[in-house]
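A short reminder: the numbers here are calculations on the coordinates, not readings from a lab. Being a predicted model, the structure only gives us computed values, none of them experimental. Please note: Cβ atoms are built from the backbone with ideal geometry, for glycine as well, and neighbour counts cover all protein chains shown.
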Amino acid sequence: MPTRVSARIGAISESATLAVDAKAKALKAAGRPVIGFGAGEPDFPTPGYIVEAAQRACAEPRFHKYTPAAGLPELRAAVAAKTARDSGYQVEPAQVLVTNGGKQAVYQTFATLLDPGDEVLVPAPYWTTYPEAIALAGGVMVGVRTDESTGYLASVEDLEAARTERTKVLLFVSPSNPTGAVYPPDQVAAIGRWAAGHGLWVVTDEIYEHLVYGDAVFSSMPVQTPELADTCVVLNGVAKTYAMTGWRVGWMIGPRDIIDAAANLQSHATSNVCNVAQAAALAAVCGDLAAVAVMREAFDRRRLTMSRMLNEIAGVVCPEPQGAFYCYPSVKGLLGQEIGGRRPQTSAELAGLILDEAEVAVVPGEAFGTPGYFRLSCALGDADLEEGIRRMAKLLTDAG
Ligand SMILES: Cc1ncc(COP(=O)(O)O)c(C=O)c1O
């Protein structure tokens, strides 16, 4: 008998990051003083000039209509100009497809590139959406394990060891969610040359491009490796740079045939992105980067405080994140220890215990393909951040 839910959709798991966030919010709503480190979004409002552009668009009838499926022509042109300004990658407006957030860009890119059985190399830990988007397209994800000893950076040798005859795509993300790792430009170039040399496609997710700290610099793979231009898709969006997660505007940039094919898919799936949200995104990408500089300063301060406090807890090892707004400590040293009268064996059990006993929500590494770790977001107020880590430290230290 056929199943009620198709096998393809039944195999999709709930987003673990959203689940942790939802549980923390439910506990908070029930009056418990939960501190949540689960959020994957900036804790800042969208800058006023962007909101005002949307308000103006709301009042104009032409923004009440469909746009072309691939996006407002002026937004596609502005994204091409912004990309040249920010990363140095020169593209035509026709190479830009405006999507409902970076997420739809991820989904459509894999749907457009993959045939059943095609393999995609994905450095682990990885963002939870990649495996699902790859599987939905019939592809096979091949995780390439990295750990804290290399600051979660995959080398050309690691990638080469995982390459097979079926490998079609390398997924690359720097700065990384969940680890905060940022690849130095020479390593980006080396990986790009390796991919081009083996005829692989590169899907490079640049959504955290403006959130880098200290000596780290963002560099775009097709700029480092121009020979990739015909086999590279760049993913990006306004969510993280302009605190616009709820507006749902992202984009994919790629060769014309891929963009045209993905636009056909989008034309049947969702048509255009909300026209008013596109007007807001247009104001964002045409404006300056002053707002992200303010957020970056706050995240920079918090990632230093957070990684320092985490490293002070015995059994926790936390590389200092170089980008994005997450810390990704190993908690392997705590597993099997007696904590709060229990002996958690996995990071998921430990995260559950910390939520119950310390009222602190973290996302366990199981969500990112690497059990034994936690992801903690820096996107919360400084006082809450310090109080949350103090509570965790007290519970975990009392254990020892
Ligand atoms: C690495 C990465 N790529 C893409 C996205 C997609 O962002 P959005 O769909 O909100 O634009 C996210 C969001 O968490 C992310 O972390």
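Taking the alpha carbon gyration tensor of segment 79-196, multiplying each eigenvalue by 5 and rooting it gives semi-axes of 22, 20, 14 Å, largest first. Against the chain, whose longest principal axis is taken from its Cα atoms, helix 275-286 shows a tilt of about 80°. Residues whose amide H comes within less than 5 Å of that of Ile35, counting only those at least five positions distant or on another chain, are Val360, Ala361 (H built at 1.01 Å from N in the peptide plane). Taking amide H as placed 1.01 Å from N in the peptide plane, Arg375 has its amide H under 5 Å from the amide H of Val363, Gly365, each at least 5 places away in sequence or on another chain.
What number do you get for segment 305-363 when its Cα radius of gyration is normalised by 2.2 N^0.38 Å, N = residues?
Normalised by 2.2 N^0.38 Å, the Cα Rg of segment 305-363 equals 1.14.
Translational diffusion of segment 88-141, estimated by Stokes-Einstein from the Kirkwood radius over alpha carbon pairs at 37 °C in a medium of 0.692 mPa s, is 269 µm² per second. Inter-label distance, Leu289 to His268: 3.9 nm, where each label sits 7 Å from its Cα along the C-beta direction.
Hey, with R₀ at 22 Å, roughly what FRET efficiency would Leu304 and Lys394 work out to, going by the Cβ-Cβ distance, to 0.05? The calculated FRET efficiency here is 0.55. Rg of the Cα atoms in the chain, relative to 2.2 N^0.38 Å, amounts to 0.98. Each residue of segment 113-119 was assigned a 3J(HN,Hα) from its phi angle through the Karplus curve 6.51 cos²θ - 1.76 cosθ + 1.60 (θ = phi - 60°); the sequence is 8, 9, 9, x, x, 5, 9 Hz, with glycine and proline shown as x. Please list, or write none, the lysines whose alpha carbon is within less than 20 Å of the alpha carbon of Lys332, excluding same-chain residues fewer than 8 places away. Within the straight-line cut-off, Lys332 pairs with Lys394. The label point for Tyr66 and the one for Thr164, both projected 7 Å from the Cα toward the Cβ, are 4.2 nm apart. Mean-square fluctuations from a GNM of the chain, with a 10 angstrom spring cutoff on Cα atoms, peak among Leu376, Leu27, Leu170 at Leu27. Once both labels are positioned 7 Å from their Cα atoms along Cα-to-Cβ, the gap between Arg145 and Ala189 label points is 3.2 nm. Go through Pro185, Pro125, Val360 and say which Cα lies farthest out towards the positive end of the charge dipole of the chain; charges sit on Cβ, +1 for Lys and Arg, -1 for Asp and Glu. Positive-end residue among those listed: Val360. Normalising by residue count, segment 223-310 has a Cα convex hull of 161 Å³ per residue.
Are any of the pairs Lys23/Lys168; Lys25/Lys65; Lys28/Lys240; Lys65/Lys168 more than 30 Å apart by Cα-Cα distance, and if so, which? In this structure, Lys23/Lys168; Lys25/Lys65; Lys65/Lys168 lie more than 30 Å apart at Cα.
Of all alpha-carbon pairs in segment 1-131, indicate the percentage at a distance above 19 angstrom. Across segment 1-131, Cα pairs with separations above 19 Å total 72 percent. Over the C-alpha trace of segment 158-284, radius of gyration and Dmax come out as 15.9, 46 angstrom. Summarising the strand pairing of the chain, around 45 percent of its internal DSSP beta bridges are antiparallel. Using the charge dipole of segment 203-259 (Lys, Arg: +1 at Cβ; Asp, Glu: -1 at Cβ; taken about the Cα centre), state which of Leu211, Pro255, Gln224 has its Cα farthest towards the positive end. Selected residue: Leu211. In this structure the amide hydrogen of Thr99, modeled in the peptide plane, comes within under 5 Å of the amide hydrogens of Gly250, Trp251, Met252, none closer than 5 places in sequence on its chain. The angle separating the long axis of helix 185-197 from the principal Cα axis of greatest extent in the chain is about 60 degrees.
The phi-based Karplus calculation (6.51 cos²θ - 1.76 cosθ + 1.60; θ = phi - 60°) puts the 3J(HN,Hα) values of segment 222-227 at x, 7, 5, 10, x, 5 Hz, whole numbers, x for Gly and Pro.
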